[in-house]
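Q: What follows is a structure written as structure tokens; I'll ask about it next.
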Amino acid sequence: MTHRMGWRAAAKDTCVALLAAIVAGAVSTGLGVDLGISASTAMASPLSPDTHSAEFSICGNSRRVNCVVDGDTFWFHAKKIRIADIDAPELSPPRCEVERTKGEEAKQRLLVLLNSGKFSMTAIGRDEDRYGRELRIVTRNGRSIGTVLVEENLARRWDGGRRPWCK
């Protein structure tokens with residue numbers, strides 16, 4: 001009986017996290033359903049309080065444990081994380097000066113956001129991208145950090161493909 005109840009609780013948590021990701025626009029329902037809720041007001045599960053924190057720095061050439069690579073990639077406890085709901089300008093290498101400048105701004109802002117208190121990470125869809133980065137929605141107080149970067153014009157909502165930042 002205990003095993004069955006544990007399974008049900010885990011299934012419920014997974015469903016709540018998936019629904020939060022759908023509402024945030026990170027996962028398509030594939031049903032053409034407009035939920036009528038903007039991504040900026042999407043809330044994470046009340047069952048998942050913000051529990052992660054670390055002191056982040058900018059990644060350098062040394063061992064990467066807790067550091068920021070760019071506006072949508074960081075290392076947390078020596079695992080490489082890709083923020084799944086956004087696309088930020090590339091820095092390795094940037095294709096033009098506009099992309100480099102905006103990419104540096106996005107990287108610095110992500111550093112500030114990650115160092116601003118506890119956060120949550122939710123896996124959605126596939127667990128890793130083709131580069132081995134764990135794909136996660138990162139939230140604080142139920143609000144996507146990716147959405148903050150999008151609203152500040154430092155990233156774009158991820159739509160399944162990269163688009164150029166250079167004009």
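Q: Out of the total accessible area of region 60-132 (probe 1.4 Å, heavy atoms of protein only), what percent is carbon and sulfur? Walk me through the numbers before you get to the answer.
A: On the way: 1800 of 3730 Å².
Its accessible area is 48 percent carbon and sulfur atoms.
Q: Here's something else I'd like to know. How many lysine pairs in region 39-167, separated by 8 or more positions in sequence or lying on different chains, have Cα atoms less than 19 Å apart? Write down the numbers at each step before the final one.
A: Numbers: Lys79/Lys107; Lys79/Lys118; Lys80/Lys107; Lys80/Lys118; Lys102/Lys167; Lys107/Lys118.
For region 39-167, the number of qualifying lysine pairs is 6.
Q: If you don't mind, another one. Using the Kirkwood radius over Cα pairs, work out the Stokes-Einstein diffusion coefficient for region 67-167 at 25 °C and 0.890 mPa s, in µm²/s as a whole number. It would help to have the intermediate numbers written out before the result.
A: Details: Rh = 13.5 Å.
D, rounded to a whole number, is 181 µm²/s.
Q: With 10 Å bins from zero, work out the P(r) of region 107-163 over every alpha carbon pair and list the percent per bin.
A: Pairs per bin, as whole percents: 21, 52, 27, 0.
Q: From the protein chains alone at 1.4 Å, what is the descending order of accessible area for Lys167, Lys102, Lys107, largest first? List each step's numbers first, then the result.
A: Working: Lys167 225, Lys102 45, Lys107 25 Å².
Sorted by accessible area, descending: Lys167, Lys102, Lys107.
Q: How would you rank 60-67, 93-100, 77-84, highest first, on the average number of other Cβ atoms within 10 Å across their residues?
A: On the way: 60-67: 12.4, 93-100: 13.9, 77-84: 17.4.
Output ranking for 60-67, 93-100, 77-84: 77-84, 93-100, 60-67.
Q: Using every Cα-Cα pair within region 79-126, state what percent have a distance larger than 11 Å. Spell out each step's value before the answer.
A: On the way: 826 of 1128 pairs.
Value for region 79-126 (Cα pairs over 11 Å): 73 percent.
The values are calculated or read from the model by the stated rules, or taken from the named source; none is laboratory data. Only a predicted model underlies this, so the values are computations on that prediction, with no experimental measurement involved. We place every Cβ from the backbone using ideal geometry, glycine too, and count neighbours over all the protein chains shown. All accessible areas refer to the heavy atoms of the entire protein, side chains included, with ligands and DNA or RNA removed. Shrake-Rupley method; radii C 1.70, N 1.55, O 1.52, S 1.80 Å.
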